[in-house]
Amino acid sequence: MRKWKMVAVAALMAMGASAAALADVPASLDLDAIRTQQAEIRAGANAGTGLYEDMTEATRRDLISRQDRVLRTIDGKETSEQLTEDQRMAVFNDLEWIEAAINKAEGERMVCERRKKLGSNRTERVCMTVAQQQEMRERARQELMGDVRNMRVGN
């Protein structure tokens, strides 16, 4: 396992992320590990070698843009507890995107968002992979199409 990948895994484990289940955005991030990891990734992306040699220019620009956003968010912070819940979620999502872009594993990328609970004004954090999101959308589309067909047959 590559050094930066081990740092990413350690950071995600420290955050409490689980790709196998719906997970809360972790409350604890190792900000120093993130800074170190992103510096290493930036150097590799700029060099365009190794994992980064087949990366398109558009993906490389997006990667650097997301790194900049992460680093701006954690700038001046010593611990992740100094970030708001929304900031932690945004950092987590950007780090997941960066890892998926490097590993060419978009479907495995974890995405977290806040959703209102049905029948309540309270929100909850829901985390799932891109593949799980696509599967849910497809299932909902198929159910909707089935309902529309049933309505036509019933008329």
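Points worth noting:
- Between Arg109 and Val130, Ala131, the built amide H atoms are under 5 Å apart, and every one of these is 5 or more places off in sequence or on another chain.
- With K and R counted +1 and D and E -1, the other residues having a Cβ less than 13 Å from that of Gln142 yield a net charge of 0.
- The Cα-based radius of gyration of region 46-155, divided by its Kirkwood radius, gives an Rg/Rh of 1.13.
Every read-out reported here was derived from the displayed coordinates using simple, explicitly stated rules and does not represent laboratory data. Every value quoted in this text rests on a predicted model; they were computed, and no experiment measured them. Ideal geometry is used to build each Cβ from the backbone, glycine not excepted, and the neighbour counts take in all protein chains shown.
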